[in-house]
Amino acid sequence: MSDEPHPYEEGKRAGIHPLIVILGILLGLWLFVYLIVPSSKNKQAAGTEGPTGPIIEDLEAAPVLFKVQATVSDMNAISLTVPPEATDSQVVGLLKRFKKDRLSGTLTDLLPATTPGHKLGDHAVADIYIVSDAQYAQPDVIRTLTLGAHAPGNLYPQAVPFEVAMEAIRGHYRIDLNDTANPDSASLGFADESGVHSRQYRKIF
């Protein structure tokens, strides 16, 4: 008679318990979903995804010339035009120059006051839009951008649609000295407060 154990014995289960197999399959599926399939919590609404790459800035780029096109007093907004051949690096340089002048109190030497006589200064609140095509620097277009993507349709002027105007913005500088945690923000392209942004959007500061 052989001393080797029999592969099957009466009353003894052969192989792995079915419950362990089921638990193993469930664990594997959970890991697959958790690691491979993006969580809905991490998904952003369409059109609000962040930038896909870093900004490559040319530190030797020459300063760009600009022209004030419109001042929209009721929106605390200003529109500027730069030449179409202006590079992104030059636009970034201009945005940084505005911030530097704002901090030094000399921004009114470059731009009209948006809050004249305000206790926090002549640019206590300001939206500065930079474009290359003057048709997107008109007051009605600026009002559309300042209202944002989700404003009720009856508030929009009968002008350029928000989605079209947004894509025309080369740079945007937002000042709000009431927000002490983040008084300055700027970007290439444009993003409204809800996060809807243009294809070329890149946050600068």
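The values are calculated or read from the model by the stated rules, or taken from the named source; none is laboratory data. Bear in mind the structure is a predicted one, so any value in this text is a computation, not a measurement. Ideal geometry is used to build each Cβ from the backbone, glycine not excepted, and the neighbour counts take in all protein chains shown. Ligands, DNA and RNA are stripped out before the accessible areas are found, and what is left, the full protein with its side chains, is counted by its heavy atoms. Shrake-Rupley method; radii C 1.70, N 1.55, O 1.52, S 1.80 Å.
Among the residues of the stretch 59-78, those that are in a loop (DSSP other than H, G, I, E, B) and open to solvent by 90 Å² or more (accessible area, probe 1.4 Å) comprise L59, E60, P63, L65.
For the stretch 79-109, the set of residues classified as crowded, with 19+ Cβ neighbours inside 10 Å, without any contact (Cβ under 8 Å) to a residue 60 or more places away in the chain and under 19 Å from V125 (Cβ atoms) consists of L80, L107, listed by residue number. Of the residues making up the stretch 34-45, not a single one is open to solvent by less than 100 Å² (accessible area, probe 1.4 Å), over 30 Å from G117 (Cβ atoms) and at pLDDT 95 or above. Within the stretch 11-21, is there a residue that is farther than 24 Å from L147 by Cα, surrounded by 11 or more Cβ atoms within 10 Å (Cβ to Cβ) and at pLDDT below 80? Scanning the stretch 11-21, I find at least one residue that is farther than 24 Å from L147 by Cα, surrounded by 11 or more Cβ atoms within 10 Å (Cβ to Cβ) and at pLDDT below 80, so the answer is yes.
When you check P116 against the structure, is it in contact (Cβ under 8 Å) with a residue 40 or more places away in the chain, in contact with an Asp or Glu (Cβ under 8 Å, 6 or more places away or on another chain) and exposed (fewer than 15 other Cβ atoms within 10 Å of the Cβ), yes or no? Taking the combined requirement at face value, the residue does not satisfy it. So, of the residues in the stretch 175-205 that are open to solvent by 60 Å² or more (accessible area, probe 1.4 Å) and touching a residue at least 12 places away in the same chain (Cβ under 8 Å), which turns out to be farthest from the chain's Cα centre (by Cα)? The extreme case among them is N178. V141 fulfils the conditions (1) under 15 Å from V72 (Cβ atoms); (2) surrounded by fewer than 18 Cβ atoms within 10 Å (Cβ to Cβ) except for a single criterion, (2).
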